[in-house]
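Structure record follows, encoded as structure tokens.
The values are calculated or read from the model by the stated rules, or taken from the named source; none is laboratory data. As the structure is a computational prediction, the values presented were derived from the model and not from experiment. Note that each Cβ is placed from the backbone with ideal geometry, even for glycine, and that neighbours are counted across all protein chains shown. Just the protein is used for accessible areas: all its heavy atoms, side chains included, with ligands, DNA and RNA removed. Shrake-Rupley method; radii C 1.70, N 1.55, O 1.52, S 1.80 Å.
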Amino acid sequence: MRNLLELQNITKIYKQGKNSHLILDDVSHSFPNVGFVSIVGKSGSGKSTLFNLISTLDIPSKGKILYKNKNILKFNTKNKHQYLTNEISLLFQEYNLFDEMSVLDNILLSSEIAKNNFDKAIIDAKILLKQFG
């Protein structure tokens, strides 16, 4: 598999009453199977919208999102659950973190919920925290 995640012609339009707001316009990108990817841009450029689409918190107005060559927009409940609990990790900004928990504990929470190998999750999380400082 060459690309882990692929966006194909993603468009996202939010409708507010009679007004429409074009947030993403025909975006296509392939994310590699290995390494880290950072998505950066000005405020309002669509970073959070893109994150919400990849994490299935929202759906695009047009286009496909492929994960391991499968369209995540067509996942049934079981496949979507598998994708969200075992395939990707979501770490939200500030207001979605638990203040009473450490950064490490916030990261490990999804592994605990998914009943993943907790010892391996701790090692992996500590490596990531060290890499990101």
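Data overview
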{"read-out": "Test: residue in the stretch 75-93 that is of a type in the set (Val, Ile, Thr) and at pLDDT 90 or above", "value": "no"}
{"read-out": "Matching residues in the stretch 17-48 - criterion: being touching a residue at least 12 places away in the same chain (Cβ under 8 Å) and farther than 24 Å from Leu84 by Cβ", "value": "Asp25, Asp26"}
{"read-out": "Residue match in the stretch 49-59 (condition: in contact (Cβ under 8 Å) with a residue 24 or more places away in the chain, touching a Lys or Arg at 6+ places or on another chain (Cβ under 6 Å), over 17 Å from Leu4 (Cβ atoms) and assigned to a helix (DSSP H, G or I))", "value": "yes"}
{"read-out": "Which numbered condition Val37 fails, given (1) of a type in the set (A, V, I, L, M); (2) closer than 24 Å to Lys68 by Cα; (3) crowded, with 16+ Cβ neighbours inside 10 Å; (4) in contact with a strand residue (DSSP E or B) (Cβ under 6 Å, 6 or more places away or on another chain)", "value": "(3)"}
{"read-out": "Only one of Ser45, Ser28 that is open to solvent by less than 100 Å² (accessible area, probe 1.4 Å) and part of a loop (DSSP other than H, G, I, E, B)", "value": "Ser45"}
{"read-out": "Close pairs (6 angstrom Cβ cut-off, 6 or more residues apart or separate chains): at pLDDT below 80 in the stretch 98-112, open to solvent by 60 Å² or more (accessible area, probe 1.4 Å) anywhere", "value": "Ser110/Ser89"}
{"read-out": "Among residues of the stretch 48-68, those that are on the phi < 0 side of the Ramachandran plot, open to solvent by 70 Å² or more (accessible area, probe 1.4 Å) and not small (Gly, Ala, Ser), counted", "value": "5"}
{"read-out": "Residue check, Ser89 surrounded by fewer than 13 Cβ atoms within 10 Å (Cβ to Cβ) and either free of Cβ contacts under 8 Å to residues at least 24 places away in the same chain or in contact with a Ser or Thr (Cβ under 8 Å, 6 or more places away or on another chain) (or both)", "value": "no"}
{"read-out": "Subset of the stretch 96-117 (residues that are surrounded by fewer than 11 Cβ atoms within 10 Å (Cβ to Cβ) and either in a helix (DSSP H, G or I) or touching a Lys or Arg at 6+ places or on another chain (Cβ under 8 Å) (or both))", "value": "Asn96, Ile113"}
{"read-out": "Residue pairs meeting the criteria (Cβ under 7 Å; at least 6 apart or on separate chains; first touching a residue at least 60 places away in the same chain (Cβ under 8 Å) and outside any loop (DSSP other than H, G, I, E, B), in the stretch 2-16; second among the charged types (D, E, K, R) and open to solvent by 80 Å² or more (accessible area, probe 1.4 Å))", "value": "Leu4/Lys68"}
{"read-out": "Conditions (1) surrounded by 15 or more Cβ atoms within 10 Å (Cβ to Cβ); (2) under 19 Å from Val27 (Cα atoms): number failed by Asn71", "value": "(1)"}
